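Working notes for the structure below.
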Amino acid sequence: MLPYAARLKKTSRRNFLISAGASAALAGDMLFTRHVQAERRAPRILRVPDTFSDLYFPKSSWILFPGYKTSWEEAQWILNSLRPALHQRGRLAAVGYSNLGLDVDEVVRAVILHVRELGLEKLYFYGHSFGGMLATQVAARLLELHGVETQLIVMDSSPFSRADVLDQSWFDGVVFLYENGFRIPSVLRGGYELGERLVHKDERSWRQILDQTAEQLSPIAPSSVLVQTESAYIYHFDGLRFVGKLGPAKMAYMGNSADATVNYVTARAGWSKVFAANMKLPVLSTEGARPAHASPQWNPDVYRPLLEHVQNQLEPLPPRTGRAVLQGAQRPDHPTGLTFTCRRGGC
């Protein structure tokens, strides 16, 4: 043991401090991760304050249903990226999924509580990737259980069924492991996703690769259980169950032929055929977006004009009225001797 002790004595102070610092950082990360995961044990409606929409559209709201592996923070990032377009019709909110797993009943409960708390009269849903599936089911459940109608459902690169997912081997494997009780460690998942992004480097910039991988390995990342339950949800989703159950809801589909995650052609065709009574704008293209699959946070300049077009076509604002009206009565006490009547829009 004496030679070993002698070697320890020769260890530099710098190496010791580096090792101690790394250990402290790892311990701190584990504690923070545990805290974050504990805070996100139930789905929550994440509100994004917006002065304009909160003032002018207090009874209307956009609700974002985030896509696969999207964290609460990224959901709010998406809303902020699309704010100039979305706040023209309603307030802004997103669904934050529970890290204990995706539970549709809990999501419906969170949405209806949000509706009642704010006294909302108009709902607009944005389905980001697989969130389009969930938005459709939640709209059907709200109408069936609570009599609450959804005015508009916008789908962004949403698969219609598991057959539209291009990477079937990974997808099938995740579902198989989950349904057989195996939970994938976050580090293993993050390492796989980094490799996948490097293989498909043509779809992303280096900054996007680094940012997305760092998010998946950070404490705020969705839990592996949530990711696996999302996979199982996509795998078993059956859109036919909700045909004729959306009421007057209008639907719009946007996607990209270069999408390497979801088959744009078959997904669009599936939604358009099955929900023909609701689908009003089925061929909106996000060409030029990078990555091509559901990336409004990276490409707001591509997405905002499309969303403005959807809203103007399917949910137009009432015409502005109320120009100054000149009354015929004379007023001796007024400098001009005329009476003006103020209406909404001007005097």
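The values are calculated or read from the model by the stated rules, or taken from the named source; none is laboratory data. This one's a predicted model, so the numbers in the text were calculated from it and none came from an experiment. Virtual Cβ from ideal backbone geometry, glycine too; neighbours counted across all protein chains shown. These accessible areas exclude ligands, DNA and RNA; they are computed on the full protein's heavy atoms, side chains included. Shrake-Rupley method; radii C 1.70, N 1.55, O 1.52, S 1.80 Å.
When R141, R189 are screened for being modelled with pLDDT under 65 and within 22 Å of the chain's Cα centre (by Cα), only R189 passes. Within this structure, Q88 passes the test of being part of a loop (DSSP other than H, G, I, E, B), on the phi < 0 side of the Ramachandran plot and open to solvent by 20 Å² or more (accessible area, probe 1.4 Å). Within the set of pairs 6 or more residues apart or between chains, which connect a residue that is more than 23 Å from L143 (Cα to Cα) inside region 84-111 to a residue that is part of a loop (DSSP other than H, G, I, E, B) and of a type in the set (A, V, I, L, M) with Cβ atoms less than 7 Å apart? Final answer for the pair search is S98/A42. Reported count of residues in region 246-267, each being free of Cβ contacts under 8 Å to residues at least 40 places away in the same chain and not in a loop (DSSP other than H, G, I, E, B), is 1. Within region 278-304, residues that are in contact (Cβ under 8 Å) with a residue 40 or more places away in the chain reach partners that are surrounded by 17 or more Cβ atoms within 10 Å (Cβ to Cβ) and β-branched (V, I, T) with beta carbons closer than 7 Å, at six or more positions or on different chains, in the pairs T286/V302; H293/T261; H293/V262; P296/I78; Q297/I78; Y303/T286.
Just one residue in the set V148, V154, V243 is within 22 Å of P296 (Cα to Cα) and modelled with pLDDT of 95 or more; that residue is V154. Within region 279-306, the only residue that satisfies the criterion of being of a type in the set (F, W, Y) and either more than 20 Å from F65 (Cα to Cα) or in contact with a Lys or Arg (Cβ under 8 Å, 6 or more places away or on another chain) (or both) is W298. With the condition kept exactly as written, say whether any residue in region 39-50 is assigned to a helix (DSSP H, G or I) and at pLDDT below 95. So far as region 39-50 goes, yes, one or more of its residues are assigned to a helix (DSSP H, G or I) and at pLDDT below 95.
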